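First the structure, in the form of structure tokens, and then the observations on it.
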Amino acid sequence: MPDDFERMWSDLAPVGRSATSGGYFRQPFTAPERELADWFREQARARGLALDSDATGNLVAWWDPDGGIVPDVLAVDPPDSVSQRQGLSRTGGVLTGSHLDSVLDGGAYDGPLGVVSALAAVDELRERGVVPARPIGVSVFVEEEGSRFGLACLGSRLASGAIEWEKARGLRDRDGVAFEEVVEGGGPGLLDGVEMFVELHVEQGRDLVDRGAAVGVASEIWPHGRYRFDFRGEANHAGTTRMEDRVDPMLTYAMTALAANKQARLAGERATFGRVEVTPNGTNAVPSQVLAWLDARCSSEAALGELVETVTRQATERAERDGTAVEVTAESVSDAVTFDPALAARIAADHESGDWPVIPTAAGHDAGILAAQGIPTAMLFVRNPTGVSHSPAETASIPDCLAGVHALAETLERLAT
Ligand SMILES: [Zn+2]
């Protein structure tokens, strides 16, 4: 008997958990995240699923009902060579899964809930004797959060061809380590034959709480982007430099953060400065440079462009007054994603419990990348009582998680039989 949902969940709970905050530090290609990847391989093996992977470290565990018994060669570790993939049918495949990495001091559910639920949903279908007409794969994409190399959904972007290896290889983490130093390579291939993707995810808001529903279906993802603001001034002594003589980029930054917040509030959009690097970062020095990253998300691409343009203009005007300089670089911009409406409707309607609500989200996901690459894609959300995410306060009840597993199993049954 494979581990059930609660057993799997409690096994993962201590991995990468901070004793002080209770949050999770599961950065890509660090020990906790690698431990989770090993755990996933083990779970796949325990279920006789055929493990497939690519040079970036993305994983898919296939249940191929046609193949019946998994060839031994696929059940050994590491099962990563192309020759070992031969004989594995992925044609018409229905993929489900999520990611195992976290943001810095994130919650337990963002990512792992989708992976654990996918394994448990496969178990439920097998226990019910369901024989799918299509292979079902459980996926784990690496570096979904972009918490290490700065580009969200890097693993799924490479696997789906949304970004080329030549562009990704030189990305660097905060310590200057290049992406190509930690992975062997990247490119399409892993998703060949995949015809549909369904990602289950903890909701990162309170929509389902307000609607009194345990499970919902995604309609769209708002367009979003990350922008680096480089504020330059002059380092100087905090005591001897008169206030009127300073060229202080911190002031320009501070006004920009306030302006971004105000613009987003007025327009009903989202703008966040959540990361700052100050040089020289000394208590007794006027800084010479402030690097700050704006995360912006809006209901349309036009609104996103307008918001960033307005914040940039206000930053530039303030820089003129402060005698500082500001340069803005778009590090990544993702267009709006509308999930296949017919697929969402097919998944959401006609359940014993009634129809599941169809709701939008302002959070990015691997599902958005695959959808943009032309793979019909859907998402299921599980209620999060706090509505909080990317924080230790993120949560979901066990009954709601089990409702999510059941919803995913039902969905896979609809799509794969
Ligand atoms: Zn996530």
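The values are calculated or read from the model by the stated rules, or taken from the named source; none is laboratory data. Computed from a predicted model, the values in this text were never measured in an experiment. Cβ coordinates were reconstructed from backbone atoms using ideal geometry, including for glycine residues, and neighbour counts include every protein chain displayed.
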Open item on the list: For region 99-125, which positions are more than 14 Å from the ligand (Cβ to nearest atom) and crowded, with 24+ Cβ neighbours inside 10 Å?
Closed with: 119, 120, 121, 122
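Kindly indicate which of 361, 395, 377, 329 is exposed (fewer than 15 other Cβ atoms within 10 Å of the Cβ) and either within 16 Å of the ligand (Cβ to nearest atom) or not assigned by TED's automatic domain parsing to the domain that holds residue 207 (or both).
Values: 361 fails: exposed (fewer than 15 other Cβ atoms within 10 Å of the Cβ); 395 fails: exposed (fewer than 15 other Cβ atoms within 10 Å of the Cβ); 377 fails: exposed (fewer than 15 other Cβ atoms within 10 Å of the Cβ).
Result: 329 is the single residue among 361, 395, 377, 329 that is exposed (fewer than 15 other Cβ atoms within 10 Å of the Cβ) and either within 16 Å of the ligand (Cβ to nearest atom) or not assigned by TED's automatic domain parsing to the domain that holds residue 207 (or both).
Among the residues of region 153-163, is there at least one that is touching a strand residue (DSSP E or B) at 6+ places or on another chain (Cβ under 6 Å), within 16 Å of the ligand (Cβ to nearest atom) and within 30 Å of residue 63 (Cα to Cα)? Spell out the reasoning first.
Here is the first cut: in region 153-163, the ones touching a strand residue (DSSP E or B) at 6+ places or on another chain (Cβ under 6 Å) are none.
The answer is no, given that none of the residues of region 153-163 is touching a strand residue (DSSP E or B) at 6+ places or on another chain (Cβ under 6 Å), within 16 Å of the ligand (Cβ to nearest atom) and within 30 Å of residue 63 (Cα to Cα).
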Task: Cβ-Cβ under 6 Å pairs, at least 6 apart or on other chains, region 124-149 side without any contact (Cβ under 8 Å) to a residue 40 or more places away in the chain and outside the structural domain of residue 177 (by TED's automatic domain parsing), far side of a type outside the set (Asp, Glu) and within 13 Å of the ligand (Cβ to nearest atom) - done: none
Open item on the list: The conditions are (1) more than 22 Å from the chain's Cα centre (by Cα); (2) touching a residue at least 60 places away in the same chain (Cβ under 8 Å); (3) surrounded by 15 or more Cβ atoms within 10 Å (Cβ to Cβ); (4) assigned to a helix (DSSP H, G or I), and residue 410 fails exactly one of them. Which is it?
Closed with: (2)
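Surrounded by fewer than 16 Cβ atoms within 10 Å (Cβ to Cβ), free of Cβ contacts under 8 Å to residues at least 12 places away in the same chain, part of a loop (DSSP other than H, G, I, E, B) and polar (S, T, N, Q): which single residue out of 240, 283 fits that description? Give the derivation first.
On the way: 283 fails: free of Cβ contacts under 8 Å to residues at least 12 places away in the same chain.
The conditions single out 240.
For region 1-101, which helices (runs of 4 or more DSSP H) that fit wholly inside it have 1 or more residues that are modelled with pLDDT under 95 and in contact with a Ser or Thr (Cβ under 9 Å, 6 or more places away or on another chain)? Walk me through how you get there before you give the answer.
Values: elements: 5-12, 31-46, 72-75, 82-85.
Per the criteria, 72-75.
Could you please find all residues in region 258-273 being out of contact with any Lys or Arg (no Cβ under 9 Å at 6 or more places or on another chain) and either exposed (fewer than 13 other Cβ atoms within 10 Å of the Cβ) or modelled with pLDDT of 95 or more (or both)?
Here is the first cut: in region 258-273, the residues out of contact with any Lys or Arg (no Cβ under 9 Å at 6 or more places or on another chain) are 258, 260-263, 265-268, 273.
Of everything in region 258-273, those that are out of contact with any Lys or Arg (no Cβ under 9 Å at 6 or more places or on another chain) and either exposed (fewer than 13 other Cβ atoms within 10 Å of the Cβ) or modelled with pLDDT of 95 or more (or both) turn out to be 258, 260, 261, 262, 263, 265, 266, 268, 273.
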Open item on the list: Suppose we filter 198, 194 for residues that are more than 15 Å from the chain's Cα centre (by Cα) and assigned by TED's automatic domain parsing to the domain that holds residue 382; which single one remains?
Closed with: 194
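Which count do you get for residues in region 337-354 that are at pLDDT 90 or above, in a loop (DSSP other than H, G, I, E, B) and more than 16 Å from the ligand (Cβ to nearest atom)?
As a first pass, look at region 337-354 and keep what is at pLDDT 90 or above: 337-349.
Among the residues that remain, those that are also in a loop (DSSP other than H, G, I, E, B) are: 339-340, 349.
Those still in the list that are more than 16 Å from the ligand (Cβ to nearest atom) too: 340, 349.
Residues that pass the stated criteria total 2.
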- [ ] Quick one: which residue in 216, 170, 225 is of a type in the set (Gly, Ala, Ser) and not in a strand (DSSP E or B)?
- [x] 170
- [ ] Among the numbered conditions (1) under 27 Å from residue 59 (Cβ atoms); (2) away from the ligand (no atom under 16 Å from the Cβ); (3) touching a Ser or Thr at 6+ places or on another chain (Cβ under 8 Å); (4) part of a loop (DSSP other than H, G, I, E, B), tell me where residue 234 comes up short.
- [x] (1)
Task: Cβ pairs under 6 Å, 6+ apart, first in region 157-182 and assigned by TED's automatic domain parsing to the domain that holds residue 140, second crowded, with 19+ Cβ neighbours inside 10 Å and among the polar types (S, T, N, Q) - done: 158/56; 159/58
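Residues to consider are 140, 183, 194; find the one that is more than 16 Å from the ligand (Cβ to nearest atom), over 22 Å from residue 335 (Cβ atoms), modelled with pLDDT of 95 or more and buried (at least 19 other Cβ atoms within 10 Å of the Cβ).
On the way: 140 fails: more than 16 Å from the ligand (Cβ to nearest atom); 194 fails: over 22 Å from residue 335 (Cβ atoms).
When all the criteria are applied, what remains is 183.
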Task: Search result, residues across region 1-39 that are acidic (Asp, Glu) and in contact with a Phe, Trp or Tyr (Cβ under 8 Å, 6 or more places away or on another chain) - done: 11
Open item on the list: Looking at region 226-234, can you tell me whether even one residue there is surrounded by fewer than 21 Cβ atoms within 10 Å (Cβ to Cβ) and in contact with a helix residue (DSSP H, G or I) (Cβ under 8 Å, 6 or more places away or on another chain)?
Closed with: yes
Open item on the list: Condition first: over 22 Å from residue 354 (Cα atoms), buried (at least 23 other Cβ atoms within 10 Å of the Cβ) and away from the ligand (no atom under 16 Å from the Cβ). Now tell me which residues in region 197-225 satisfy that.
Closed with: 223
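Tally up the residues in region 243-255 that are under 36 Å from the mean Cα position of the chain (by Cα) and surrounded by fewer than 22 Cβ atoms within 10 Å (Cβ to Cβ), please.
Of all residues in region 243-255, those under 36 Å from the mean Cα position of the chain (by Cα) come to 248-255.
Imposing the further condition that a residue be surrounded by fewer than 22 Cβ atoms within 10 Å (Cβ to Cβ) reduces the set to 250-251, 254-255.
Residues that pass the stated criteria total 4.
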